[in-house]
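Participant: Below is the structure I would like to discuss, written out as structure tokens.
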Amino acid sequence: MSTPTSGGTDERVSATGKRVGRAAREWATAQARAEAEAARGNALPSPGTPIIEVTDLGKSYGRVIALRGVTTSVRAGEVTCVLGDNGAGKSTFIKILAGAHRHSEGTFEVDGVEQHLDSPRDALTLGIATVYQDLAVVPLMPVWRNFFLGSEPVRGRGPLRRLDREFMKRTTRDELLKMGIDLRDVDQPIGTLSGGERQCVAIARAVYFGARVLILDEPTAALGVKQSGVVLKYIAKARERGLGVVFITHNPHHAYPVGDRFMLLRRGRSIGDYAKSEITLDELTSMMAGGAELESLAHELARDMGDSSPVVAELKADVEGDHEADREADHVADAEPDVESP
Ligand SMILES: Nc1ncnc2c1ncn2[C@@H]1O[C@H](COP(=O)(O)OP(=O)(O)O)[C@@H](O)[C@H]1O
Ligand SMILES: [Mg+2]
């Protein structure tokens, strides 16, 4: 695999740093090149048009059912939020959309055509781009180099052939501005940006290279209040520009202000898919808290009414049932190797 040609700043690192840097760079470069090539030529449909529609989608890993009964849509110019606690199946769901895993049940349609994606490249070809939490960036390289990583435009021919640095710097600055980020110095290493800003560069980049659907896996999970606000702003920007956004989070307070649609997962099952007009923030919050609430309610009632009350018994059975399902899933998950079975 070839790496971008330049006497760039990234060469000035320690021996160990250089090795690590090169591996990271090669990986990020390959990913970036695939994205850029694949997404070329995708046009955005008019706002409100469904780009992705899934019906009764499900996924099993061997005997473990990681996801079942998921029905929702991603529309141009709208944000679909996927909410759920740890282990709810959020990552499994987006890996299907992103082409990393094949679904084992239900249907997955893009632009009304049923799809079985075999690789992330297939997803990119359809204009579906994913920004993972561990962003594929090279921290020591300037922001503009990261923006164009793997798709660097060149000028001149033969021995005069070289990277068009001016174009890349200008475009990076302009594209970030379009997303509302005013970065004075695109020459600074991307590693010096905050987590929120790096997410934003990744979003701007995906938009520039032709994404129609942007999948963001918990972009605010590791961020403080202020930085989260910054990322939410860019999510809103991407929507304004007509993209369909899939925003994964476990925080209803992050989801509600920017979301148009909310799909809730609990223990691998969909517990609802609502348009914003169908659900309030309070309802969303209490649905998210549902599992924990049930448990404390059972304890409270047992104290007040005694263990023998039929209401208490029923609640306890519900909670117990949930735990049982957990233990079973954990047990099977332990026994099964962590492999893909289509
Ligand atoms: N590759 C895998 N092999 C086996 N089980 C898995 C695999 N990936 C996820 N699971 C199981 O699927 C369930 C959902 O996980 P995941 O989609 O990662 O949830 P979330 O992202 O919401 O935390 C969990 O019970 C998890 O243990
Ligand atoms: Mg996850």
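The values are calculated or read from the model by the stated rules, or taken from the named source; none is laboratory data. Note that the structure is a prediction, hence the values are computed from the model and not measured. A quick note on method: Cβ atoms are made from the backbone with ideal geometry, for glycine too, and the neighbour counts reach across all protein chains shown.
Participant: Identify, from the list G180, G127, the residue that is of a type in the set (G, A, S) and either without any contact (Cβ under 8 Å) to a residue 12 or more places away in the chain or in contact with a strand residue (DSSP E or B) (Cβ under 9 Å, 6 or more places away or on another chain) (or both). Spell out the reasoning first.
Facilitator: On the way: G180 fails: either without any contact (Cβ under 8 Å) to a residue 12 or more places away in the chain or in contact with a strand residue (DSSP E or B) (Cβ under 9 Å, 6 or more places away or on another chain) (or both).
Selected residue: G127, the only one of G180, G127 that is of a type in the set (G, A, S) and either without any contact (Cβ under 8 Å) to a residue 12 or more places away in the chain or in contact with a strand residue (DSSP E or B) (Cβ under 9 Å, 6 or more places away or on another chain) (or both).
Participant: In region 107-162, how many residues are of a type in the set (A, V, I, L, M), surrounded by fewer than 19 Cβ atoms within 10 Å (Cβ to Cβ) and assigned to a strand (DSSP E or B)? Steps first, answer last, please.
Facilitator: Filtering region 107-162 down to residues of a type in the set (A, V, I, L, M) leaves 110, 113, 117, 123-124, 126, 128-129, 131, 135-138, 140-141, 143, 149, 154, 160.
Keeping just the survivors that are surrounded by fewer than 19 Cβ atoms within 10 Å (Cβ to Cβ) gives 113, 135, 154, 160.
Okay, now just the ones that are also assigned to a strand (DSSP E or B), so 113, 154.
Residues in region 107-162 being of a type in the set (A, V, I, L, M), surrounded by fewer than 19 Cβ atoms within 10 Å (Cβ to Cβ) and assigned to a strand (DSSP E or B): 2 in total.
Participant: Is it the case, given these coordinates, that V258 is modelled with pLDDT of 90 or more, touching a strand residue (DSSP E or B) at 6+ places or on another chain (Cβ under 9 Å), over 18 Å from L67 (Cβ atoms) and not hydroxyl-bearing (S, T, Y)?
Facilitator: Details: modelled with pLDDT of 90 or more: yes; touching a strand residue (DSSP E or B) at 6+ places or on another chain (Cβ under 9 Å): yes; over 18 Å from L67 (Cβ atoms): yes; not hydroxyl-bearing (S, T, Y): yes.
So V258 passes the test.
Participant: Next up: Kindly indicate whether R173 is among the basic types (K, R) and in contact with a strand residue (DSSP E or B) (Cβ under 8 Å, 6 or more places away or on another chain).
Facilitator: Taking the combined requirement at face value, the residue does not satisfy it.
Participant: Turning to a different aspect of this structure: Scan G150, G156, G127 and give me the residue that is in contact with a Pro (Cβ under 9 Å, 6 or more places away or on another chain) and on the phi > 0 side of the Ramachandran plot.
Facilitator: Of the residues listed, the single one that is in contact with a Pro (Cβ under 9 Å, 6 or more places away or on another chain) and on the phi > 0 side of the Ramachandran plot is G150.
Participant: Okay, next question. Among the residues of region 173-198, which ones are buried (at least 17 other Cβ atoms within 10 Å of the Cβ), among the β-branched types (V, I, T) and closer than 18 Å to V231 by Cα?
Facilitator: Result: I181, I190.
Participant: Pick from D85, D118: which is touching a Gly at 6+ places or on another chain (Cβ under 8 Å), among the acidic types (D, E) and free of Cβ contacts under 8 Å to residues at least 40 places away in the same chain? Before you say what the answer is, go through the steps one by one.
Facilitator: Details: D85 fails: free of Cβ contacts under 8 Å to residues at least 40 places away in the same chain.
Step by step, each of D85, D118 is checked, and only D118 is touching a Gly at 6+ places or on another chain (Cβ under 8 Å), among the acidic types (D, E) and free of Cβ contacts under 8 Å to residues at least 40 places away in the same chain.
Here is a yes/no grid of residues against (1) out of contact with any helix residue (DSSP H, G or I) (no Cβ under 8 Å at 6 or more places or on another chain); (2) over 15 Å from A76 (Cβ atoms):
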position: G242; (1), (2): yes, no
position: V245; (1), (2): no, no
position: I248; (1), (2): no, yes
position: V258; (1), (2): no, yes
position: F262; (1), (2): no, yes
position: D273; (1), (2): yes, yes
position: L281; (1), (2): no, yes
position: T285; (1), (2): no, yes
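Participant: I'd like to check something: does region 201-216 contain any residue that is out of contact with any Asp or Glu (no Cβ under 7 Å at 6 or more places or on another chain) and within 16 Å of ligand 1 (Cβ to nearest atom)?
Facilitator: Yes, that holds for at least one residue.
Participant: V82 - would you say it is within 18 Å of V131 (Cα to Cα), more than 13 Å from ligand 1 (Cβ to nearest atom) and either touching an Asp or Glu at 6+ places or on another chain (Cβ under 6 Å) or outside the structural domain of R261 (by TED's automatic domain parsing) (or both)?
Facilitator: So V82 does not fit the description; no.
Participant: Moving on to the next point. Could you tell me how many of the residues in region 200-226 are buried (at least 24 other Cβ atoms within 10 Å of the Cβ) and within 11 Å of the chain's Cα centre (by Cα)?
Facilitator: Total meeting the criteria: 7.
Participant: Inside region 247-275, can you point out the residues that are on the phi > 0 side of the Ramachandran plot and more than 15 Å from ligand 2 (Cβ to nearest atom)?
Facilitator: If the condition is that a residue be on the phi > 0 side of the Ramachandran plot and more than 15 Å from ligand 2 (Cβ to nearest atom), then G272 is the only one that fits.
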